[in-house]
Each structure stands twice: as C-alpha cells, then as structure tokens.
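In what follows, a structure is listed as structure tokens, so that the remarks can point back to it.
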Amino acid sequence: MHTFAYARPATLAEAVALLAEHGAAARVLAGGTDLIIRLRDGTLVPDVVIDLKRIASLRPGVREEAGLVVIGATTVMTDVAADPLVRRHFPALADAAAVVGSVQIRNRATLGGNICNASPAADTAPPLLVYDATVVAEGPGGTRRIAVDDFFVRSGVTTLAGDEIVTAIELPLPALRMGAAHERRTRRRGHDLASVTLCCGVREDGVTRLSYGSVGPRPVLRVDETGILADPAAPAEARTNILEQLLADASPSPRSMRASPAYRLAMLRVLGRRALATALERLEARA
Ligand SMILES: Cc1cc2nc3c(=O)[nH]c(=O)nc-3n(C[C@H](O)[C@H](O)[C@H](O)COP(=O)(O)OP(=O)(O)OC[C@H]3O[C@@H](n4cnc5c(N)ncnc54)[C@H](O)[C@@H]3O)c2cc1C
C-alpha cells in the first residue's frame, strides 16, 4: 500500500484546516469500507488520511430538531436502520440502510460515506432523494446546505468542495402522509452492490416521487404531479405511460460487469411497479 500520513483531529475546524492545507492530496476516513479498498488497490494515493472518528461534534446519532430529523454523517447503517425516528418517518431509508452490504459492513459503513462516495449504486441515495434530504457540509467558510439532488454529479464526484466535510443529513418531517418503498436487484443473495436500486414515495396529495440508481452516472429523481400514478383506479395505460416517462432517464453503462443494460432496464420497470404498489399500500395503512 502507498505510504500516507494518518491524522486524527479532535475538532471539525482542525479537520477542515487539514483538508484546506492538503487539497486533493487529503482524504477523509469515516467507516473506511470504500476508502480502504481504494487505498489498497492503489486507485487512491493520498498524502494524508483524515480520520473523523475522534471529532466530538461529529458523534453519530439521530435527533429531531425544528421540523427535521437530523442524522449525523458518521451514523452507521445498522443504527440508521434501527433508529425509531427513521423507522417511523422514513421507513424506506431504514429499509435501504438495512440491506447495505453485510452485517460487518453495516456496522462500519456510514450514511455520510455512502453519499460522499457517490456510487450510482448507493442504496441510501434513492430514499434520500424521495424524502427530499439536505446535505449539511462544513468548510472554511462555515456551514453550507445542499439539496441532495444537487449533491450527486457522477460516480465518485459530488458538488462538495475539496475542503468541506459532510456533518449531517437533514430530512424534513413530512407535512403530508407518504407511503414509500425501497427495492433493489442484485446478482446474488447476500452482500452485493445493486444492479438496480429504486425508491418510490406516494403522498396523500397524489404526488409520486420516484428515484433510481445504478442505471446511469448518478441517482435520478423524477416527480409525477398528475396524480395518475397515485390513483390505483386510473386506466392501466395512463399509469404505464407516466411510469415510462419517469424511468426515461435511465442510461445504464454497457461496460458495467454487474448486469447488461437490457437486464437493468427490464428490472427497473419490475421494481418500479413493485415499489409503487407497496408505497400505495403503505400510504393506505398510514390513513
Ligand atoms: C463488501 C462491500 C459491500 C458493500 N455493499 C454495499 C451495498 O450493498 N450498498 C451500498 O450502497 N454500498 C455498499 N458498499 C459500499 C460502502 O459500504 C458504502 O458506500 C458506505 O456507506 C461508505 O461509508 P464509509 O463510512 O465506509 O465511507 P469511507 O470508506 O470512509 O469513505 C467513502 C468516501 O467518502 C468520503 N467521506 C466519507 N465520509 C465523509 C464525510 N463525512 N465528509 C466528506 N467526505 C466523506 C471519503 O473520503 C471517501 O472518499 C459495500 C462495500 C463493501 C466493501
């Protein structure tokens, strides 16, 4: 492995200063489930690795605050999946966190790391998009809030500046009832990255939010405001047409080893219909 310095700052200010000093030669370490692999295989060769785990203000946890549920960036998937606030208000996010990797991975992998890694297959991205999350980042200029839809650019690239650290993910407490479901398709049972990952949320006012990943350079969010998808009594053809429009931004790479574009596109439609049906059932159950 390439030799690098290891820093374990005690404050966020120190960590941000280190990032500002070293620029692209520095890398932040959270759970390490993505980073360590890339350090080992040499695709990343930083001069310094900055471990976030000793920073008191970045302690993991989920709290309710001023109409928001705030999830600390260093909160691991196991805790996101089990958290009562997340399960009550954002069950599709809990479901997505519960299927990331294996038990060992979920005990290390953080929510912040999942979005900063910006894999198109990141399982928490579709529910965060459906639930309209905001990414909170700290940099030399202070705190910045980024709508999660403006955060992802392409695989491995986000709109986070090189000297910023994600401190939390904020989720607005739903003003309207919503039923939501997360679905994914993998090559095999057990731990595997998704060939398709998708989340669908249907609100009581008839708005349907659909988000999908692993079928293009970044996770996509599309919204149907016609009310047709949310209406099980609407003609089947109309519902199919709307679903097709929402799924039209999928453009899977022919170079991916996990699944062919044709398979991904077919599965996207299966998962889309399945998640929509479950979301409608869950909306009904919340009445
Ligand atoms: C065997 C295996 C199975 C996996 N299965 C899945 C799966 O099913 N679904 C899935 O979505 N992912 C999966 N992953 C990927 C990985 O576990 C997740 O992306 C995880 O959430 C990353 O979090 P981490 O804390 O380990 O990030 P790290 O590895 O510590 O960091 C990842 C990247 O994000 C940056 N970073 C981390 N935290 C911050 C922060 N707070 N601010 C700024 N930058 C930051 C790091 O510098 C690095 O570039 C799997 C990985 C492995 C090894």
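The values are calculated or read from the model by the stated rules, or taken from the named source; none is laboratory data. Predicted model, so just to flag it, every value in this text is computed and none were measured. Cβ sites come from the backbone with ideal geometry, for glycine too, and all protein chains shown count toward neighbours.
Suppose we filter Leu111, Leu198, Leu160, Leu128 for residues that are outside the structural domain of Val80 (by TED's automatic domain parsing) and either surrounded by 15 or more Cβ atoms within 10 Å (Cβ to Cβ) or acidic (Asp, Glu) (or both); which single one remains?
Criteria check complete, one pass: Leu198.
Looking at region 221-236, which of its residues are without any contact (Cβ under 8 Å) to a residue 60 or more places away in the chain and outside any loop (DSSP other than H, G, I, E, B)?
Within region 221-236, Arg222, Val223, Asp224, Ala236 qualify.
Please pick out the residue among Ala56, Ala20, Ala24 that is surrounded by 15 or more Cβ atoms within 10 Å (Cβ to Cβ), more than 20 Å from Val130 (Cα to Cα) and outside the structural domain of Leu160 (by TED's automatic domain parsing).
Ala20
Quick one: which residue in Ala118, Ala98, Ala94 is in the same structural domain as Ala147 (by TED's automatic domain parsing) and within 10 Å of the ligand (Cβ to nearest atom)?
Every option except Ala118 fails the conditions.
Here is a check on your reading of the model: is Ala30 of a type in the set (Gly, Ala, Ser), more than 30 Å from Leu280 (Cα to Cα) and out of contact with any strand residue (DSSP E or B) (no Cβ under 6 Å at 6 or more places or on another chain)?
For Ala30, the condition - of a type in the set (Gly, Ala, Ser), more than 30 Å from Leu280 (Cα to Cα) and out of contact with any strand residue (DSSP E or B) (no Cβ under 6 Å at 6 or more places or on another chain) - is not met.
Being part of a loop (DSSP other than H, G, I, E, B) and within 23 Å of Lys53 (Cα to Cα) narrows it down to one residue among Gly113, Gly162; which is it?
Gly162
Quick test of your reading of the structure: Pro127 fulfils all but one of (1) assigned to a helix (DSSP H, G or I); (2) at pLDDT below 95. Name the failing condition by number.
The one condition Pro127 does not meet is (2).
Taking region 220-239, which residues are under 17 Å from Leu198 (Cα atoms) and surrounded by fewer than 19 Cβ atoms within 10 Å (Cβ to Cβ)?
Scanning region 220-239 gives Arg222, Val223.
Conditions first: (1) part of a loop (DSSP other than H, G, I, E, B); (2) assigned by TED's automatic domain parsing to the domain that holds Gly142; (3) loosely packed, with under 14 Cβ neighbours inside 10 Å. Thr74 passes all but one, so which condition is the exception?
(3)
Checking Pro126 against (1) within 24 Å of Ile50 (Cα to Cα); (2) of a type outside the set (D, E, K, R); (3) within 12 Å of the ligand (Cβ to nearest atom): exactly one of these is not met. Which one?
(1)
I'd like to check which strands (runs of 3 or more DSSP E) are fully inside region 1-64 and have at least 2 residues that are at pLDDT 95 or above and within 12 Å of the ligand (Cβ to nearest atom).
26-29, 48-51
Could you check, for region 140-158, whether at least one of its residues is in a strand (DSSP E or B), under 27 Å from Arg87 (Cβ atoms) and in contact with an Asp or Glu (Cβ under 6 Å, 6 or more places away or on another chain)?
No, the conditions are met nowhere in region 140-158.
Do the conditions hold for Asp205, that is, is it within 30 Å of Leu35 (Cα to Cα), surrounded by fewer than 24 Cβ atoms within 10 Å (Cβ to Cβ) and of a type in the set (D, E, K, R)?
no
Going through region 157-181 one residue at a time, which ones are away from the ligand (no atom under 11 Å from the Cβ) and within 16 Å of Pro91 (Cα to Cα)?
Selection gives Glu170, Leu171, Pro172, Leu173, Pro174, Ala175, Leu176, Arg177, Met178, Gly179, Ala180, Ala181.
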